[in-house]
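The values are calculated or read from the model by the stated rules, or taken from the named source; none is laboratory data. This one's a predicted model, so the numbers in the text were calculated from it and none came from an experiment. For neighbour counting, all protein chains shown are included, and Cβ atoms are generated from backbone atoms with ideal geometry for every residue, glycine included.
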């Protein structure tokens, strides 16, 4: 885990300031994992421990995965790299013109297929949940979630087992109770989700 944090810092992927997260909450840190993932060797190194833990659970029969799906944008490269290391197909869900998560571009899942959802950062699990709804609606079943950074609040529930490269405690607030807003510090929205 410390190696992943070092890679995030080395890549300039761990930002500090006042950020509007895709969940609508405000935070003093933001993880721009694309800055790490732009380097294939760093992406491979950061995700290797995740792939090893997944492979151990696959070999032990504790987990089944037929394909890896990453919600666009942040999950695409994570899904690809995990798919490469595990020898599994990897593709992505994306938002349509209405902003709803969908599976298109000719990607398909078979009924009963076991899917691992891959993300760059998990804060609330909202994008993963939206992807799961789409995939399960097509007859697949989500068996696990993997990410580079788990920045959820301590004890925050998830619907699946989580394989994270690192877990980082980060402060975040509802907008009305944000101390950074109270100080007049401008908020920046670096993510890709539209509100």
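Here are some notes:
- Matching residues, the stretch 108-156, being in a helix (DSSP H, G or I), touching a residue at least 60 places away in the same chain (Cβ under 8 Å) and out of contact with any helix residue (DSSP H, G or I) (no Cβ under 9 Å at 6 or more places or on another chain): 126, 135
- Failed condition for residue 132, given (1) surrounded by fewer than 18 Cβ atoms within 10 Å (Cβ to Cβ); (2) farther than 24 Å from residue 172 by Cα: (1)
- Residue list for the stretch 54-91, filter: within 18 Å of the chain's Cα centre (by Cα), without any contact (Cβ under 8 Å) to a residue 40 or more places away in the chain, under 17 Å from residue 40 (Cα atoms) and outside any helix (DSSP H, G or I): 90
- Subset tally (residues that are in contact (Cβ under 8 Å) with a residue 60 or more places away in the chain and under 30 Å from residue 183 (Cα atoms)) for the stretch 19-53: 16
- Any hit, the stretch 179-193, residues being closer than 21 Å to residue 52 by Cβ, in contact with a helix residue (DSSP H, G or I) (Cβ under 8 Å, 6 or more places away or on another chain) and touching a residue at least 60 places away in the same chain (Cβ under 8 Å): no
- Test result for residue 94, more than 22 Å from residue 37 (Cβ to Cβ), free of Cβ contacts under 8 Å to residues at least 40 places away in the same chain and outside any loop (DSSP other than H, G, I, E, B): no
- The number of residues in the stretch 137-156 being closer than 15 Å to residue 169 by Cα and surrounded by fewer than 21 Cβ atoms within 10 Å (Cβ to Cβ) comes to 4.
- Residue in the stretch 157-176 that is nearest to the chain's Cα centre (by Cα), counting only those that are surrounded by fewer than 16 Cβ atoms within 10 Å (Cβ to Cβ) and in contact (Cβ under 8 Å) with a residue 60 or more places away in the chain: 161
- Identity of the residue in the stretch 22-49, at pLDDT 90 or above and assigned to a loop (DSSP other than H, G, I, E, B), that ends up surrounded by the fewest Cβ atoms within 10 Å (Cβ to Cβ): 38
- Here the condition is being surrounded by 14 or more Cβ atoms within 10 Å (Cβ to Cβ) and under 19 Å from residue 159 (Cβ atoms); of 90, 72, 79, it holds for 79 alone.
- Looking only at the stretch 4-21, and only at residues there that are assigned to a helix (DSSP H, G or I) and in contact with a helix residue (DSSP H, G or I) (Cβ under 9 Å, 6 or more places away or on another chain), the one that is farthest from residue 151 (Cα to Cα): 10
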